[in-house]
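The values are calculated or read from the model by the stated rules, or taken from the named source; none is laboratory data. Treat the numbers as computed from the prediction; the structure is a model and nothing was measured. Cβ atoms come from the backbone with ideal geometry, glycine included; neighbour counts cover every protein chain shown. Each accessible area value is taken on the protein alone, full model and side chains, heavy atoms only, with ligands, DNA and RNA left out. Shrake-Rupley method; radii C 1.70, N 1.55, O 1.52, S 1.80 Å.
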Amino acid sequence: SSGINAEWPLRPGVKTESEPTINTEAAKTETKVETTDKGTKLEAVSTEGVEVESHVAAKIVKQLEYYFGDRNLRQDRFLLREVTLDNGWISLDTMLNFKRLASICSDKAKIAKAIESSNTSLIVLNEEKNKIRRNPDRPLPKNSDEEKLASNLKTVYVKGLPLDLNIDKAEEFFAAHGKTCYIKLRKDGSSQFKGSVFIEFETQADADKIVLNKELKYTPESEPLIVMSRNDYFKSKSMNVKQEKNTKREEQMGGNAEVKLDVPETVEFEKGKVLKITGLAGVETTREEMKTVFEGNGVSWVTFNKGDPEAFIRFDGSAQEALDKVKSDEKFMLSGKEASTVVLEGKKKKVPTATLR
């Protein structure tokens with residue numbers, strides 16, 4: 001979890017993109033019948049005489065490239081399962097279960113026409129024009145530390161955008177600055193856009209170029225946007241938090257910032273308000289990144305040290321509701337990797353607070 005549905009993702013706090021949707025627009029140009037390995041009869045799709053408006057065709061192809069792209073495909077369990085069933089082929093009927101694609105166009109003939117008329121090197125249409133797959137000549141890269149680093153270097157943070165911005169407007173604006181892999185609209189606890197986005201460009205050169213553009217404006221009349229690399233954003237967040245803590249300590253200790261606050265070894269919490277995240281061994285993440293992921297969801301504190309296999313996050317309200325908001329395709333992603341989560345229930349419990357922040 002988008003333009004590209006990446007409210008992540010695409011946030012992607014978006015419910016699973018793989019939930020079934022009703023296909024309300026029938027493809028009227030289907031003729032031939034084919035039997036798949038699953039035993040399902042598929043009618044071949046004819047694109048003869050089919051016309052698709054250029055802007056719609058572009059959106060169709062871009063959305064499909066997002067689904068089968070490096071970032072989404074390696075994290076999407078539904079698609080990863082589907083691509084193993086028929087030599088990588090997935091029917092257009094199945095693809096129309098994705099809400100974002102169906103909202104752009106639910107006519108299979110038009111989708112097929114958009115693909116065959118495009119210059120995409122990632123999406124391949126089969127001979128019967130009723131299935132697609134990722135181009136076998138472009139295998140999915142391994143999810144290595146090098147890949148993660150490259151992705152981070154191509155990701156940019158932009159702040160100061162109009163609050164009525166939607167994903168289509170964002171895509172249209174940033175298209176002038178390079179081809180994007182995903183755009184994440186950052187939202188608060190009420191699912192309202194906060195005016196800032198994360199964008200991953202296809203090339204680091206485009207990312208570097210927009211970061212250097214200090215006069216970037218959404219409109220000629222608006223103020224310049226705040227633009228920085230993803231890495232610089234998280235560094236600044238971390239520095240700001242440390243500065244705020246030091247200021248509070250100075251105020252509480254009469255100006256002596258060296259005196260440490262008395263933090264108990266354990267802290268009690270109400271059931272349903274603490275989220276336990278496991279499987280973090282080897283995951284390069286920080287408390288600040290966790291706070292950013294759950295930004296706007298009332299995080300009280302995070303207990304985690306770099307290298308710890310698990311973390312605890314306490315929320316002002318329901319931990320489950322906060323988790324559901326940030327999940328993408330029913331997965332909780334942290335630093336590009338899927339992590340396991342459990343909301344601690346039952347009686348009041350205690351967790352260590354040596355790293356309570």
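For segment 172-217, a residue qualifies if it is surrounded by 14 or more Cβ atoms within 10 Å (Cβ to Cβ), at pLDDT 90 or above and small (G, A, S), and the qualifying residues are G178, G195, S196, A207.
For the residues P162, P141, the requirement of being more than 27 Å from S103 (Cα to Cα) and either loosely packed, with under 15 Cβ neighbours inside 10 Å or not charged (D, E, K, R) (or both) singles out P141.
Residues that are at pLDDT 75 or above and among the polar types (S, T, N, Q) were ranked within segment 330-354; the one that is most open to solvent (accessible area, probe 1.4 Å) is S340.
Hey, could you check segment 27-39 for residues that are part of a loop (DSSP other than H, G, I, E, B) and exposed (fewer than 12 other Cβ atoms within 10 Å of the Cβ) and say which is modelled with the lowest pLDDT? The extreme case among them is K28. In this structure, M239 does satisfy being surrounded by fewer than 19 Cβ atoms within 10 Å (Cβ to Cβ) and part of a helix (DSSP H, G or I). Restricted to segment 292-329, and to residues there that are open to solvent by less than 20 Å² (accessible area, probe 1.4 Å) and among the hydroxyl-bearing types (S, T, Y), the residue that is farthest from V342 (Cα to Cα) is T292.
Check whether at least one residue in segment 121-144 is at pLDDT below 90 and among the small types (G, A, S), and report yes or no. Yes - at least one qualifying residue is present in segment 121-144. Among the residues of segment 60-106 satisfying the criterion of being of a type in the set (S, T, N, Q), outside any helix (DSSP H, G or I) and at negative phi, which is most open to solvent (accessible area, probe 1.4 Å)? Only one residue tops the list, namely T84.
Against the test of being closer than 20 Å to T180 by Cα, open to solvent by less than 30 Å² (accessible area, probe 1.4 Å) and either modelled with pLDDT of 95 or more or in contact with a His (Cβ under 8 Å, 6 or more places away or on another chain) (or both), the options A114, A109 yield a single qualifying residue, A114. Restricting the first member to segment 316-341 and to residues that are closer than 20 Å to T285 by Cα, and the second to residues that are of a type in the set (D, E, K, R) and open to solvent by less than 10 Å² (accessible area, probe 1.4 Å), the beta-carbon pairs closer than 7 Å and six or more apart or on different chains are E338/K331.
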